[in-house]
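Single-structure report; data block below.
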Amino acid sequence: MEDEEFVAVRKVSKMYSNSKLPAVDNIDLSIRQGSFFGLLGPNGAGKTTLLSMICGLLAPTSGSISIGPDSAKNRQSQDNSLLGLIPQELALYPTLTAGENLAFFGAMQGLSGVPLKNRIKTCLEITKLVARVNDKVENFSGGLKRRLNLAIGLLHEPKLLVLDEPTVGIDPQSRNFIFDSLRQLNNEGMTLIYTTHYMEEAEQLCDDIAIIDSGKIIARGTLDELLHDNQCQSILFRTKNPLPSTLIEKISALPFVEKITSANNKTEILIGNNTPDNNFLADILDSIRNAGLDITSLTMGATNLEQLFLQLTGTQLRD
Amino acid sequence: MFNMLKAAVIKETRIIFRDIEALAILFVLPAAFVLIMSLALQDAFREQAGIKFSMLIVNKDKGEVGKSLVDAFVESHYFDVIIPESLPDPETIDRETNEGKYQFALVIPEKATSHAVENSKYLLTGLKKYKKDAVEIKLYVDPAIRGDHRSVVLATLNRSIKEIENTIIVEAIGRRSGSKSKKDDKPTLFSEVKDPFENRISDKPSPTSVQQNAPGWGLLAMFFLVIPLAGTLVRERSEGNLLRLQTMAAPISILLAGKIVPYFVVNQIQIGLILLEGVYLLPLLGGEKLEMGPHPEAIIPLSFAISFAAIGYGLMVAAFCRTAEQATSFGATSILILGALGGIMVPKIVMPPLMQEITVFSPMSWGLDGFLAIFVRGADISGILLEVGVMLAFGFICLTIGIIRFNYKLTHA
Ligand SMILES: Nc1ncnc2c1ncn2[C@@H]1O[C@H](COP(=O)(O)OP(=O)(O)OP(=O)(O)O)[C@@H](O)[C@H]1O
Ligand SMILES: [Mg+2]
């Protein structure tokens with residue numbers, strides 16, 4: 001059950017009529033039922049385009065997509081009741097209240113009467129909006145709007161929730177709150193597709209991650225797999241005083257150091273691939289201590305997705 | 001399906017009635033325009049339709065002369081004759097004409113008839129005992145009256161007096177020669193010269209100010225629904241609401257139908273309010289009452305057809321605009337142009353012939369023609385079928401183009 005394929009994307013490409021390069025380029029993707037799938041990529045990578053095709057909003061130029069247990073069927077001919085979309089834009093009516101927005105979208109999902117009332121109540125509870133139900137959306141903060149956006153997508157109890165950058169422009173509290181809600185939904189068995197260009201979001205949330213760039217999937221796996229496959233490690237530490245440039249030169253001369261960046265008392269050292277687990281940490285720490293510097297904090301381990309992305313594409317994820 | 005439609009209608013209705021700007025554009029602006037324009041252009045239209053003056057006639061005479069003069073002015077359609085209940089003194093009359101309470105006042109002195117008859121006898125017999133002074137009929141004139149209008153009135157007055165004089169003399173001669181002449185078998189020497197435009201009034205409607213302005217600005221107001229209609233729809237597309245709705249169970253046509261219903265109702269309220277304004281409010285403010293002709297029920301199919309045209313146009317504009325700002329500015333501009341072309345701001349009857357022909361390209365021109373036919377020509381439903389048909393066709397074409405374009409945009413994102 002857990003390993004059953006829920007979304008199947010087969011050799012899908014999408015060419016927009018007014019551009020030369022494909023926005024999605026021959027992507028093969030299989031998403032398991034019950035997984036929390038993260039689609040990670042920079043602006044313009046093709047995330048929204050791929051999601052739109054999965055949601056049946058856009059026809060692929062070539063290839064086929066199917067969702068649900070009946071994966072033989074073509075996406076276009078499947079009904080949408082399995083699926084809930086949380087669009088990248090805040091698809092809300094600002095002059096309506098939260099409750100009125102929910103009532104409208106719920107009705108458009110085919111709900112009515114008592115079942116609709118109950119679902120509205122439940123979704124308001126999930127997103128902790130009960131107290132704001134009668135407030136107009138135009139008076140909501142960014143975080144509240146995002147929460148309502150989420151609530152609307154949950155009204156018809158979809159099996160698959162598709163979220164396109166659902167945390168853009170909100171404060172950390174609201175973001176954490178949304179994360180908790182999503183984890184909860186995933187634990188209850190919902191399959192989630194989550195796109196973002198924030199590495200740490202994918203790191204925190206997703207058990208299955210694909211990195212997309214220029215319309216292609218360039219890496220795929222769990223966080224551990226991704227980091228392990230691309231064996232890449234780093235040391236990050238802070239010092240009381242800045243590192244003198246002589247020391248920086250000395251460290252970067254060490255054989256296993258691939259790259260060192262140091263600014264504002266914060267230093268990051270990238271360890272080269274296939275460096276045996278020898279004493280490289282001790283070597284580095286010794287040289288810092290010999291220079292008379294105090295280390296105030298230190299983290300060490302595999303690189304995060306941010307660095308992985310840099311390594312894979314040679315470009316920074318965020319501008 | 002019904003629940004979906006109901007929800008869509010409720011949602012759209014809420015959006016409209018919470019949009020203060022839209023409400024101002026849809027209701028307040030046109031109401032103000034109708035009021036201002038109807039009052040401001042009242043005199044201009046009166047002249048356009050033929051001059052009409054108010055005239056106070058103080059008839060102190062008990063005989064034929066007074067009666068004939070009063071009849072002459074009552075029968076003329078250039079005058080609204082006011083007969084006072086009690087006889088006002090000359091100072092009051094002088095003051096009131098000066099104030100413009102009425103434009104002319106005519107005072108027919110006591111015993112005008114008997115004096116005239118006596119004088120006619122003197123004329124025929126030369127007997128001094130019949131001699132009386134010439135009867136003096138006095139005319140008071142509002143100083144604001146244009147000179148040419150004054151001349152017209154004087155001419156009418158003097159002609160009537162001459163006629164009466166002739167009648168009296170002819171009768172005096174008849175009495176003297178003993179033959180009893182009856183009024184009816186008086187020989188006619190000249191036939192009356194007729195006003196060549198008198199018969200044309202029926203096919204060239206010359207409306208009053210409010211008959212032109214109320215439906216005119218009302219039409220413009222109805223078409224102004226393009227602004228909120230296209231605005232919301234474009235916003236729904238650019239802000240992702242449509243995308244989300246496309247993944248939902250309801251077909252997009254439900255969403256569109258949900259817009260048509262409330263806007264249709266808004267249109268009917270608009271035209272209803274404006275007609276009420278013309279009929280009841282305007283007279284209270286010193287304007288003319290809106291006369292709706294003998295078949296006001298014909299307004300219903302006409303305003304339905306106009307609403308259909310306006311909504312169709314709105315959906316078409318929405319389908320071709322990318323941003324809400326575009327929809328608003330293009331919508332407003334195009335409606336003002338269609339309005340100007342349709343004879344809303346400048347009535348068609350004062351346009352040169354070529355311009356009048358161009359007006360067929362504005363749906364508002366057809367709508368206005370429909371209203372004028374009902375109000376001025378007294379047309380019933382069968383008399384406005386052409387106008388209704390053209391509006392429906394216009395709406396249908398716009399709707400078709402709009403939906404095709406809209407679907408294309410949705411599938412070719
Ligand atoms: N409707 C469209 N017509 C033409 N090109 C488009 C259209 N939508 C997107 N593109 C192009 O396709 C590419 C992928 O866009 P897409 O919106 O899928 O990226 P994204 O990963 O969602 O980016 P973001 O993080 O900014 O949302 C981009 O180069 C974009 O310019
Ligand atoms: Mg996107």
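The values are calculated or read from the model by the stated rules, or taken from the named source; none is laboratory data. Everything numeric here is computed off the predicted structure, so don't read it as measured data. Positions of Cβ are backbone-derived with ideal geometry, glycine not excepted, and every protein chain shown enters the neighbour counts. Quick note on the areas: whole protein, heavy atoms, side chains included, nothing else; ligands and nucleic acids left out. Shrake-Rupley method; radii C 1.70, N 1.55, O 1.52, S 1.80 Å.
Kirkwood Rh and Cα-based Rg: tell me the resulting Rg over Rh for segment A:5-136, rounded to two decimals. Could the numbers behind the result be given before it?
Working: Rg = 17.6 Å, Rh = 17.0 Å.
For segment A:5-136, the value is 1.03.
If eta is 1.306 mPa s and T is 10 °C, what Stokes-Einstein diffusion coefficient results for segment B:53-177, Kirkwood Rh from Cα pairs, in µm²/s? Don't jump to the answer; show the numbers that get you there.
Details: Rh = 15.4 Å.
Calculated translational D: 103 µm²/s.
Using only Cα atoms, locate the centre of segment A:141-207 and the centre of segment A:2-57, then give the distance between them in Å, rounded to an integer.
The distance from the Cα centre of segment A:141-207 to that of segment A:2-57 comes to 18 Å.
How much accessible surface area, in Å² rounded to 10, belongs to the heavy atoms of A:Arg132 with a 1.4 Å probe?
Counting only protein heavy atoms, the figure is 80 Å².
For chain A, give the magnitude of the charge dipole about the Cα centre (Cβ charges: +1 Lys/Arg, -1 Asp/Glu; no others), in debye to the nearest 20. Each step should come with its number before you reach the end.
Values: 29 positive and 37 negative charges, 186 e Å.
The calculation lands at about 900 debye.
Take the Cα atoms of chain B, build their convex hull, and give its volume per residue in Å³. Before the final figure, lay out each step's value.
Details: hull volume 73.9 nm³, N = 413.
With only Cα atoms used, chain B gives 179 Å³ per residue.
Once all Cα-Cα distances of segment A:123-228 are split into 10 Å bins that start at 0, what whole-number percent is in each one?
Per 10 Å bin, starting at zero, the Cα-Cα P(r) for segment A:123-228 comes out as 13, 44, 31, 10, 2 percent.
Please list log₁₀ I(q)/I(0) at q = 0.11 Å⁻¹ for segment B:310-413, using the Debye equation with identical point scatterers on the alpha-carbon positions.
The calculated log intensity ratios at q = 0.11 Å⁻¹ are -0.42.
Return the residues of segment A:99-125 for which accessible area with all protein chains present is lower than in the chain on its own by 30 Å² or more; set the probe to 1.4 Å and exclude ligands, DNA and RNA.
A:Glu100, A:Phe104, A:Phe105, A:Ala107, A:Met108, A:Gln109, A:Ser112
In square angstrom and rounded to 100, what buried accessible area do you get between chains A and B, total over both, with the probe at 1.4 Å?
On the way: alone 15690 and 22510 Å², together 35780 Å².
Looking at A and B, the buried total is near 2400 Å².
Provide a list, ordered by number, of residues in segment B:216-248 showing at least 20 Å² less accessible area with every protein chain present than when their chain is taken on its own, using a 1.4 Å probe.
Checking the loss per residue gives B:Glu239, B:Gly240, B:Asn241, B:Leu243, B:Arg244, B:Leu245, B:Gln246, B:Thr247, B:Met248.
For the protein assembly as shown, what is the accessible area per residue in Å², given a 1.4 Å probe and the full set of protein chains? Each step should come with its number before you reach the end.
Numbers: 35780 Å² over 732 residues.
Counting only protein heavy atoms, the per-residue value for the protein assembly as shown is 49 Å².
Reachable aspartates and glutamates from A:Lys14, Cα under 19 Å, same-chain residues fewer than 8 places away excluded?
Excluding near neighbours in sequence, the set is A:Asp25, A:Asp28, A:Asp164, A:Asp213.
Using the C-alpha atoms of the protein assembly as shown, what convex hull volume per residue, in cubic angstrom, is computed?
Numbers: hull volume 183.3 nm³, N = 732.
Residue-normalised Cα hull volume stands at 250 Å³.
First compute the accessible area of the protein assembly as shown with a 1.4 Å probe, then give the percent of it belonging to carbon and sulfur atoms. The partial results should precede the final answer.
Values: 20330 of 35780 Å².
About 57 percent, which is the carbon plus sulfur part of the accessible surface.
Round to the nearest 10 and report in Å² the accessible area of A:Glu100, as given by a 1.4 Å probe over the protein chains' heavy atoms.
30 Å²
Compute the normalised compactness of chain A: alpha-carbon radius of gyration over 2.2 N^0.38 Å, N being the residue count.
Compactness ratio reported: 1.17.
Quick one: longest stretch of chain B between exposed loop GluC sites (Glu not before Pro), exposed meaning at most 11 other C-beta atoms within 10 Å and loop per DSSP?
Values: sites that count: B:Glu85, B:Glu136, B:Glu192, B:Glu198.
For GluC sites (Glu not before Pro) (loop position, at most 11 other Cβ atoms within 10 Å), the longest site-free span of chain B is B:199-413.
Output the 0 to 90 degree angle, nearest 10, between the alpha-carbon long axis of helix B:147-177 and the longest principal axis computed from the alpha carbons of chain B.
Computed tilt is about 40 degrees.
Determine how large the accessible area of A:Ser13 is when every protein chain is in place; take a 1.4 Å probe and give Å² rounded to the nearest 10.
My reading of the accessible area for A:Ser13 is about 20 Å².
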